[in-house]
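A short worksheet on the structure shown next.
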Amino acid sequence: MTGLSQCVLKIDELIKKSDLIEEGNPVRYRLKFIKDNVDKLAPYRKITFGERDTNKPHKTILMVGETGSGKTTLINTVINYILGVQREDKVWFEITDDQSDRTSVHSQTSDVTIYGVYAQEALVDLTIIDTPGYGDTHNISHDQKIAKNLSRLSKSEGVFHEIDAVCLVINSTQNRLSDRQRYIFDAVQSLFGKDIAENIVLLFTYSTGAHPKNALMAVKEAKIKCAVKENQPVYFLFDNCQGETFDEETRREQSWNLSFTGMAGFFMFLDEVQTGTLQMTQYVFKKRKQLEENISNIRSRVQEIEQKLKEKKQTQEVLEKHKKNNNFEDEVEVNYKEKVDIDPSVAKQAMCCTVCEENCHYPGCWWATNLSWCSVMKNYHCTVCTNKCHSNKHVKEDKIYETKKKKEKRTNEGLKKVYDDKIRDFESEINKLKEDLQELEKEKMKLVIEAYDCVESLEMIALKTDSLFTLQHIDFLIEKLKEINEPEKAETLKNIKRRAGEINTGALRYMKKVYRNKESACVN
């Protein structure tokens, strides 16, 4: 950060704005931050120190790393660096709080923490976006929720529209990335557009200052995309011990110099790199969401078609049976829709069409005011439900439609009259069913092609084109493309699957392990 060393230090003023944590060398203080009173349903919580100065340079960085990587200490190192704290001051300031005091409601809905550091003592205003919890809860759905929260965060007014650096925090002593780390970095990279690649940097923690040869090799083997300089990933080294008490002043000096040299290099990178916009990233978010919705609707259509086929078969059997005995009444299994309460662990509300009796946006719907603003609405009409109904035909509530089965006695008076009149047209009902099936097949075909187009779009714009997010849907799509006679498109997805499988072997192992643990827990 140019000119930072010339900044007039006001340590006494900073101490007045802090609470003592622990005496020692250095003396540890926690900055008196403000927890912004954001809505409990907001996708983030915000911790602010000082007031934003629009005349100052402003930088936004995203921190990502597994538990134990040293990310929390690194965030505090960033804070001390921009505040101009020197080793000779023998103080250490922290902004990260004890997350155990978070309410159960907030901990379930707000997995992203935003630190806003707007100190008079600093020459730059800084926003740090922290993603605690990625990969350390043994719950894939939790990680998917973080991704959705980052998507919502990017649409929140004045919060997260540009990014200067995406920081991947890695322990420098590692010879290889763990399966969990591969999973975490895959999940994060799959969220961003390709134009963010030059803003991604590696922050190696617990470093002795030696060249991180093994850690760099592990990053290359994992094919992590990041900024590159002179054919080498851009990285910075940090000791992560400078806030600890040292008996030996020489050791303390070495620790401090290493981390603050790394921080100086990191902020020089921030000064030089072009700030990344999130326009392409928001389009990635949109296509991910559209793909998920299409897959969900395809599954519903397939279920409906299978039930129609079953009804057709039953009708044929009934007709054949009653052609002999002149009896047109029999029991058949039919589907009906019933509204049931939403599982609160999955979602709080859903948007449903009262005409089509379908769940148009579930889970994930969060608009609470005007339903026409919902992401599945276009020009006041739904893009998801069968009849593309107007938004005023939809409701937002804590219930969803669920398809159930029951047996009914049916008497087909039309066929009985035909039979009585000795007109052997027993195919009318079957023909009607065939027409219905054709329409359902057309709708399924349209959804399958749309889902394939989403995958193609993500291939073109997403930073991580062969992510686990795509991989989890790909077998289903390959099968459906074959069903609608699209072998070339199916082969394209097979190639993506092969490539993704080779790259994401470790991440896949981790995801399968989590699913196995979850299933085992459910059984027990």
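At a glance:
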quantity	calculated
Residue within the range 438-461 that is of a type in the set (A, V, I, L, M, F, W, C), at pLDDT 85 or above, outside any helix (DSSP H, G or I) and surrounded by 14 or more Cβ atoms within 10 Å (Cβ to Cβ) present	no
Restricting the range 340-376 to residues that are closer than 22 Å to Arg301 by Cβ and charged (D, E, K, R), the residue that is nearest to the chain's Cα centre (by Cα)	Glu358
Hits in the range 248-281 - residues which are more than 20 Å from Asn76 (Cβ to Cβ), of a type in the set (Val, Ile, Thr) and either modelled with pLDDT of 90 or more or out of contact with any Gly (no Cβ under 7 Å at 6 or more places or on another chain) (or both)	Thr250, Val273, Thr275, Thr277
Hits in the range 462-496 - residues which are free of Cβ contacts under 8 Å to residues at least 60 places away in the same chain, buried (at least 16 other Cβ atoms within 10 Å of the Cβ), charged (D, E, K, R) and not in a loop (DSSP other than H, G, I, E, B)	Lys489
Check on Gln254, touching a helix residue (DSSP H, G or I) at 6+ places or on another chain (Cβ under 6 Å), buried (at least 17 other Cβ atoms within 10 Å of the Cβ) and not β-branched (Val, Ile, Thr)	no
Sole exception among (1) touching a Ser or Thr at 6+ places or on another chain (Cβ under 7 Å); (2) part of a loop (DSSP other than H, G, I, E, B) for Gln274, by number	(1)
Pair list, Cβ under 6 Å, 6 or more apart: the range 346-372 residue touching a residue at least 24 places away in the same chain (Cβ under 8 Å) and more than 14 Å from Cys385 (Cα to Cα), other residue of a type in the set (A, V, I, L, M, F, W, C) and surrounded by 19 or more Cβ atoms within 10 Å (Cβ to Cβ)	Cys365/Ala350; Cys365/Met351; Trp367/Cys374
Members of the range 163-218 that are outside any loop (DSSP other than H, G, I, E, B), among the aromatic types (Phe, Trp, Tyr) and over 14 Å from Val234 (Cβ atoms)	Tyr183, Phe185
Leading residue by the ranking (nearest to Arg182 (Cα to Cα)) among those in the range 224-247 that are at pLDDT below 80 and not polar (S, T, N, Q)	Cys241
Among the residues listed as Gln290, Gln307, the single one being assigned to a helix (DSSP H, G or I) and surrounded by fewer than 17 Cβ atoms within 10 Å (Cβ to Cβ)	Gln307
Residue among Leu291, Leu258, Leu278 that alone is in contact with an Asp or Glu (Cβ under 8 Å, 6 or more places away or on another chain) and within 17 Å of Lys464 (Cα to Cα)	Leu278
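Listed here are the residues, each with its yes/no results for (1) at pLDDT below 90; (2) out of contact with any His (no Cβ under 9 Å at 6 or more places or on another chain).
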| position | (1), (2) |
| --- | --- |
| Val332 | yes, yes |
| Lys339 | no, yes |
| Thr354 | no, no |
| Val376 | yes, no |
| Lys388 | no, no |
| Lys406 | yes, yes |
| Glu429 | yes, yes |
| Asp436 | yes, yes |
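Listed here are the residues, each with its yes/no results for (1) of a type in the set (A, V, I, L, M); (2) touching a residue at least 40 places away in the same chain (Cβ under 8 Å).
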| site | (1), (2) |
| --- | --- |
| Lys229 | no, no |
| Glu272 | no, no |
| Gly276 | no, yes |
| Phe285 | no, yes |
| Ile295 | yes, yes |
| Gln303 | no, yes |
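The values are calculated or read from the model by the stated rules, or taken from the named source; none is laboratory data. All figures in this text were calculated on a predicted structure; none of them were measured in a lab. Ideal geometry is used to build each Cβ from the backbone, glycine not excepted, and the neighbour counts take in all protein chains shown.
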